[in-house]
1. Do the conditions hold for ASP72, that is, is it farther than 21 Å from ARG139 by Cα, of a type in the set (D, E, K, R) and either surrounded by fewer than 22 Cβ atoms within 10 Å (Cβ to Cβ) or without any contact (Cβ under 8 Å) to a residue 24 or more places away in the chain (or both)?
2. Looking at LEU162, LEU172 in this structure, which one is touching a residue at least 24 places away in the same chain (Cβ under 8 Å), touching a strand residue (DSSP E or B) at 6+ places or on another chain (Cβ under 9 Å) and hydrophobic (A, V, I, L, M, F, W, C)?
3. Across the stretch 116-144, what is the total count of residues that are at pLDDT 95 or above and among the hydrophobic types (A, V, I, L, M, F, W, C)?
4. Residue by residue through the stretch 95-140, note down the ones that are part of a strand (DSSP E or B) and surrounded by fewer than 16 Cβ atoms within 10 Å (Cβ to Cβ).
5. Being assigned to a helix (DSSP H, G or I), within 12 Å of ALA43 (Cα to Cα) and under 16 Å from the mean Cα position of the chain (by Cα) is true for just one of ALA68, ALA57. Which residue is that?
6. Exactly one of (1) modelled with pLDDT of 95 or more; (2) more than 21 Å from ALA27 (Cα to Cα); (3) out of contact with any Ser or Thr (no Cβ under 9 Å at 6 or more places or on another chain) is unmet by ILE164. Its number?
7. In the list LEU172, LEU191, LEU154, which residue meets the criterion of being hydrophobic (A, V, I, L, M, F, W, C), within 16 Å of the chain's Cα centre (by Cα) and either part of a loop (DSSP other than H, G, I, E, B) or under 24 Å from ASP70 (Cα atoms) (or both)?
Amino acid sequence: MSHDQRGHAASANRQRRGPSSYAMQDAQRLWRILALGPGHALADLGCGPGDYALEAARRVGPGGRVWALDRDPRLLASLANEAKARGLENLTTLAADLREPLPLQDLSVDLCLLATVLHVIKFTLAGGGLFGEIKRVLRPRGRLAVLNCSLADLSFGPPEHLRIAPPELDRLVSPQGFRREHLEDMGFNYLALYRKT
């Protein structure tokens, strides 16, 4: 699928199920980088309609866990119904505001995913509350994956002043006990992968 086709597919997906960036990049490439496998536990923070959470639940299998967190109860209800229809009993939806403590246990997650949601709460990120919470719920050597809208393509998505460039993201995340291990240009988005230190 070409760059433009992915953009159009993302727009169609938003109209059908709600806002999602899933179709904006090569999904196989994304999951290869995330290296999520059977038995892993993932938290999809700000999951929206749950495209990432559904695929993660399939990949981690019955021995793994996926928590899908969002503040919109309608999206969570729709996602829970979709997971049930797919037989994904390892996916749990949780109502949560990312500006508040996460409703997850300490050291319970292998990978936290923030997929194109940080622009919604950009002005509340200073001080490290969210990233401190992510560190709390991650297991030792757990990872944080941040998929963000690129500043290079402004044809759609959040306005430029709400987007977070990789150096700014590093300044927010690193003081909370994370080291960036990987940065990947995904086209419309970039993927930054951090390791809990």
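1. Values: farther than 21 Å from ARG139 by Cα: yes; of a type in the set (D, E, K, R): yes; either surrounded by fewer than 22 Cβ atoms within 10 Å (Cβ to Cβ) or without any contact (Cβ under 8 Å) to a residue 24 or more places away in the chain (or both): yes.
So ASP72 passes the test.
2. Values: LEU172 fails: touching a strand residue (DSSP E or B) at 6+ places or on another chain (Cβ under 9 Å).
Just one listed residue meets the conditions, LEU162.
3. The qualifying residues number 6.
4. Of the residues in the stretch 95-140, the ones part of a strand (DSSP E or B) are 95, 109-115, 138-140.
Result: ALA95, ARG139, PRO140.
5. Working: ALA68 fails: assigned to a helix (DSSP H, G or I).
The conditions single out ALA57.
6. (1)
7. On the way: LEU172 fails: within 16 Å of the chain's Cα centre (by Cα); LEU154 fails: within 16 Å of the chain's Cα centre (by Cα).
Answer to the check: LEU191.
A quick yes/no check of all residues on (1) closer than 30 Å to LEU154 by Cα; (2) free of Cβ contacts under 8 Å to residues at least 12 places away in the same chain; (3) of a type in the set (Val, Ile, Thr):
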| position | (1), (2), (3) |
| --- | --- |
| THR92 | no, no, yes |
| LEU111 | yes, no, no |
| VAL120 | yes, no, yes |
| PHE123 | yes, yes, no |
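The values are calculated or read from the model by the stated rules, or taken from the named source; none is laboratory data. In this text, all values refer to a predicted model and were calculated from it rather than measured experimentally. So basically every Cβ, Gly included, is an ideal-geometry build from the backbone, and we count neighbours across all protein chains shown.
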